[in-house]
Amino acid sequence: MIKNYWQKINNKYKFLIIIIIIYILTFILNSKIALNSFDSFCNLGYKILPTLFLVFILIFLFNYFLDTKIIKKYISKKSGWKEHLIVMLIGILSSGPIYMWYPLLADLKEKGMDNSLITSFLYNRSIKPALIPLMIYYFGLPFVIIITGLIMVFSLINGFVLEKILNNK
Amino acid sequence: MKIFDKQNFIQAIIKTKNNFWQSIPILIGVLLLIGLLNNLAGKNFYAKIFSQNVLADSFLGAIFGSIAAGNPITSYVVGGELLKEGVSLIAVTAFLLTWVTVGIVQLPAESLMLGKKFTWTRNALGFISAIIISFLAWIILKIIL
């Protein structure tokens, strides 16, 4: 019965439940470590809470102003500099898990979208404007600026290299 | 384009709410785990896993990031805490980049939708570039700061 119930639970909750069980076991074995750990958790959570609040406001704004219809409209079939820049921008602004984008990209690929554009789109997804406050909090503004620039440059390089490799096969 | 679109507004709220509820349990779990590891293993735990050899560390960071999956919020929190614990910026950067650009967990789905050759080449390029970018970012930061 417990096994059936466990299988029905979503993986993200399973992870949390396992961690809570580990805390309970730690508390039984050594209450001081468990309480100190919980205190560390509270401190960490308290520190990042304002930034997380800002992150979700930004996520909402991106969800509101950008939907898949607009994205499909602006991604064109052939890859020139203009298309690359548009795809890079859309990749940066896109949200949600990567697998959510596979059907749209597969559809566009079938319609003739270049592999280099798909690569560029997927690589630029590592820039998350909504998460920039959190990134600045942990790594500082200079790091965020440098890494953003490098990701954009490498998204182009990866796109061109991938196109070359696939065309040579 | 209308500034306020009620339907779009409701959809954005639903999407953000879903994103929130998907992230929060994992984020709480990760923060609880970090708190526990910090107290159980001591301050130098992460520093011990990473060898302080920048090349090996960046490779290790990139491997961890490729295997891990989930919301990037989690990767920033984990990466930031690793950095505080003394892990090199190169390793943490490689970890952050591969978390999003390389997806071992998503490989079957991506192969199915976008093709096997495309998927393997893209992920391999993502892995290599993560290591190169992490070194370049570190070098640039050293020069400008």
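The values are calculated or read from the model by the stated rules, or taken from the named source; none is laboratory data. Please read these numbers as outputs of a predicted model, since none were measured by experiment. Reconstructed Cβ throughout: ideal geometry from the backbone, glycine too, with neighbour counts over all protein chains shown. For accessibility, only protein heavy atoms count, side chains too; no ligands or nucleic acids. Shrake-Rupley method; radii C 1.70, N 1.55, O 1.52, S 1.80 Å.
Summary of computed values
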quantity: Residues whose placed amide H lies under 5 Å from that of B:F50, excluding near-sequence neighbours; calculated: none
quantity: Greater than 24 Å apart at Cα, pairs in A:K8/B:K6; A:K82/A:K109; A:K14/B:K15; A:K12/B:K15; A:K109/B:K17; A:K111/B:K6; calculated: A:K8/B:K6; A:K109/B:K17; A:K111/B:K6
quantity: Note, ³J(HN,Hα) from phi for segment B:120-130, Karplus 6.51, -1.76, 1.60, rounded to Hz, x at Gly and Pro; calculated: 5, 5, 4, 5, 5, 5, x, 5, 5, 5, 4
quantity: Hull shadow area, averaged, the protein assembly as shown [alpha-carbon convex hull, nm²]; calculated: 18.9
quantity: Cα-Cα P(r), chain A, percent of pairs per 10 Å interval; calculated: 9, 25, 26, 21, 14, 5, 0
quantity: Spin-label zone in segment A:38-66 - amide nitrogen under 20 Å from a point set 7 Å from the Cα of B:A41 along the C-beta vector; calculated: A:38-45
quantity: Span-like helix ranges in chain A, DSSP H, alpha carbon extent 15 angstrom or more, Kyte mean at least 0.0; calculated: A:11-29, A:31-65, A:81-93, A:141-168
quantity: Computed [θ] at 222 nm, deg cm²/dmol, chain B (DSSP H ≥ 4; -39,500 (n - 2.57); rounded to nearest 500); calculated: -27000 deg cm²/dmol
quantity: 0 to 90° range, to nearest 10: angle between helix B:6-41 axis and chain B longest Cα axis; calculated: 20
quantity: Per-residue mean of C-beta atoms belonging to partner chains within 10 Å, peptide B:12-20; calculated: 6
quantity: Calculated diffusion of chain B, Stokes-Einstein form, Kirkwood radius summed over Cα pairs, 25 °C and 0.890 mPa s, µm²/s; calculated: 143
quantity: Accessible surface of the protein assembly as shown [probe 1.4 Å, protein heavy atoms]: carbon and sulfur percent; calculated: 71
quantity: Convex hull volume per residue for segment A:22-70, taking Cα atoms only, in Å³; calculated: 78
quantity: Pairwise label distance in nanometres, B:S111 with A:Y13, each label 7 Å out on the Cα-Cβ vector; calculated: 3.2
quantity: Convex hull projection area averaged over all views, segment A:88-143, Cα basis, nm²; calculated: 4.2
